[in-house]
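Have a look at the structure below, then the notes.
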Amino acid sequence: MATPPTTGSLYQRWVAPLLCQDEGADAEQLSRLTLAALGAASTRRHWPLISGSLAGLGAELQRRDHRLEQTLFGCRFANPLGLAAGFDKNGVAAGLWHLFGFGFAELGTVTWHPQPGNPKPRLFRLAAERAALNRMGFNNNGAEALKRTLERQALEPPGQRPAVLGLNFGKSKLTSLDLAPDDYASSLELLTPLADYAVINVSSPNTPGLRELQDASQLRRLVERLRRLPACPPLLVKIAPDLEDDAIDTIARLAYQEGLAGVIAVNTSLDRLGLENRRLVQTGRTLAEEAGGLSGAPLRARAQEVLRRLRATAGPALPLIGVGGIDSPQAAWERITAGACLIQIYTAWIYAGPALVPAILKGLQQQLDHHGCRSISEAVGSGLPWV
Ligand SMILES: Cc1cc2nc3c(=O)[nH]c(=O)nc-3n(C[C@H](O)[C@H](O)[C@H](O)COP(=O)(O)O)c2cc1C
């Protein structure tokens, strides 16, 4: 009897061909359709027929190995690989991400006010470069809707979930920078009971002025405001790849002084990373002329540099999450050995499909075997080479 097709092979056959050119299937619409299906499955994941198919998905994509487990800022991670923020902005598939093999998923960015984001088109494939340009502008249904969406899925409480769930918070577009701390605080206060950890996103390039909140005094004011909430989950800050070295050092020190749970590096880049003259087929303009943040393979080298810099300044005590251009087991290993306790993927996961998660985890297991490490935490910041 023929073996049934795997999710990975179905993706390769039906989805990957749509992604190997810039034009054709609209990137945002593909994501929207996928999330609609996943959202429907997540709320019904205990129904017999659906739970059977989902168990098959888990069996194919999950890799259990106690050497990949870590406990960081009070959260137990089954493995170090997470889904980066921005894919599941409204948290519709929160109950499913562990079945894709992820040890954690970051939901959001959520803002206090629901907002439509920037005009479309606002997400572009750069297929040949395995990259994307986006200027979504925090399109999301708002904090209250996220709360309802998560409650509807009847998730296990924080600390008891198969995958850790982080919530990523941004500033509403219509809130002034001056009032930003209250805007973040309103969202966080509402959603704290549902979050394993919370991320202060001050690095999206698509909300005017947002990145100014990375300045030390503004960031300190923001963190201190959130700290005054009656309850606050472990707080991390997510930074841009476009910061100068001095600014990276300042944030590393501030994170340490303020007792932040960690730093996530990096968000998408305003730098064109050598692709200034690359034209978007949809608009006919070059990347130098287009607004938005770059992600994917061209971001890898810069993301690695920022991570190294953070580690050098903050030392091993501050947990770092590495994200940006990770698209292979080797890139994952190199980010971890440069100092990331955890790593996240987005763009490469879209291009390569669900099989990328077990492929990365398998690669990490092989490196642990090779180097004789008993735990992934021994590899973090070790500088051990990829062999
Ligand atoms: C379409 C798209 C939307 C994104 N939205 C968010 C977001 O809402 N919040 C956020 O912190 N990062 C967002 N990101 C950035 C990713 O989380 C990640 O930091 C970045 O893409 C680099 O990782 P990658 O090269 O693996 O994609 C988005 C990225 C993409 C491609």
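Yes/no per residue for (1) under 24 Å from G259 (Cβ atoms); (2) more than 16 Å from the ligand (Cβ to nearest atom):
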site: L146; (1), (2): no, no
site: Q160; (1), (2): no, yes
site: G166; (1), (2): yes, no
site: L188; (1), (2): yes, no
site: Y197; (1), (2): yes, no
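As a summary of the residue check, L99 satisfies the conditions (1) under 30 Å from S375 (Cβ atoms); (2) among the hydrophobic types (A, V, I, L, M, F, W, C); (3) within 11 Å of the ligand (Cβ to nearest atom) except for the one numbered (3).
Could you identify the single residue in R300, R311 that is of a type in the set (K, R), within 11 Å of the ligand (Cβ to nearest atom) and buried (at least 19 other Cβ atoms within 10 Å of the Cβ)? Walk me through how you get there before you give the answer.
Values: R311 fails: within 11 Å of the ligand (Cβ to nearest atom).
R300 is the lone residue from the list that is of a type in the set (K, R), within 11 Å of the ligand (Cβ to nearest atom) and buried (at least 19 other Cβ atoms within 10 Å of the Cβ).
Which of the helices (runs of 4 or more DSSP H) found entirely inside the range 278-387 contain at least 2 residues meeting this: over 28 Å from A247 (Cα atoms)?
Values: elements: 300-314, 329-337, 347-352, 356-371, 376-379.
By residue number, 329-337, 347-352, 356-371, 376-379.
Could you tell me whether the range 67-82 includes any residue that is under 30 Å from K173 (Cβ atoms), within 16 Å of the ligand (Cβ to nearest atom), in contact with a Leu (Cβ under 8 Å, 6 or more places away or on another chain) and of a type outside the set (D, E)? Yes, the range 67-82 has at least one match.
Look through L236, L260, L275, L213 and report the one residue that is within 21 Å of the chain's Cα centre (by Cα), within 15 Å of the ligand (Cβ to nearest atom) and either in a loop (DSSP other than H, G, I, E, B) or modelled with pLDDT under 95 (or both).
Working: L236 fails: either in a loop (DSSP other than H, G, I, E, B) or modelled with pLDDT under 95 (or both); L260 fails: within 15 Å of the ligand (Cβ to nearest atom); L275 fails: within 21 Å of the chain's Cα centre (by Cα).
Unique residue meeting the criteria: L213.
What about L54, is it among the hydrophobic types (A, V, I, L, M, F, W, C), within 14 Å of the ligand (Cβ to nearest atom) and either over 23 Å from G324 (Cα atoms) or part of a strand (DSSP E or B) (or both)?
Values: among the hydrophobic types (A, V, I, L, M, F, W, C): yes; within 14 Å of the ligand (Cβ to nearest atom): no; either over 23 Å from G324 (Cα atoms) or part of a strand (DSSP E or B) (or both): yes.
Answer is no for this residue.
Please go through the range 191-210 and give me each residue that is surrounded by 16 or more Cβ atoms within 10 Å (Cβ to Cβ) and part of a helix (DSSP H, G or I), ordered by number. Break it down into steps so the answer makes sense when it comes.
The first filter runs over the range 191-210 and keeps only residues surrounded by 16 or more Cβ atoms within 10 Å (Cβ to Cβ), leaving 191-192, 194-207, 210.
Within the range 191-210, L191, T192, L194, L210 qualify.
The values are calculated or read from the model by the stated rules, or taken from the named source; none is laboratory data. What you see is a predicted model, and the numbers here were worked out from it, not measured in a lab. Cβ coordinates were reconstructed from backbone atoms using ideal geometry, including for glycine residues, and neighbour counts include every protein chain displayed.
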